[in-house]
Amino acid sequence: MPAIVDIGPLVAFFDRAERHHAWAVERIERLEPPLLLCEPVLTEAMYLLSPYARAADGLLELVGNGALTISFDVEDHADALRTLLRKYRDVPMSFADSCIVRMAEIYDGHDVFTLDSDFSIYRKHGRVPLPLIRPNGD
């Protein structure tokens, strides 16, 4: 199954102390590579993993070897991202979340791999629930 990856599963994959670590490892092994991500997700995950040099290095290794691929250019989708951020201002929606929702719109056959319950609120194309891979929800 192809997937768009969010920050939570990336951090949980590398952080053995994270409560969803085993789930993230098991799911990543079952997902069809490459997992798609956007630069805002990579940036936030790198920041959260920065205290753990080997984990941050491992994340970049996954990007370098093609297991994770950056498949989104913010510049090409600025208007759509602005619309999403306005629509979900009350949630509130992060910039990374808006990129993931937009990616779900353009990569229609991909599920969103996340730990974030806000993705159950978001809709692609304004009305379609996102297909999610979440703990106790896949």
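Of all the numbered requirements in (1) in contact with a Phe, Trp or Tyr (Cβ under 6 Å, 6 or more places away or on another chain); (2) on the phi > 0 side of the Ramachandran plot, residue 66 misses one, and that requirement is (1). Candidates are the residues of region 55-98 that are buried (at least 17 other Cβ atoms within 10 Å of the Cβ) and of a type in the set (Ser, Thr, Tyr); the one that is farthest from residue 45 (Cα to Cα) is 88.
A short reminder: the numbers here are calculations on the coordinates, not readings from a lab. Here the structure is a predicted model, which is why all the values come from computation and not from measurement. Note that we place each Cβ from the backbone using ideal geometry, even for glycine, and neighbour counts take in every protein chain shown.
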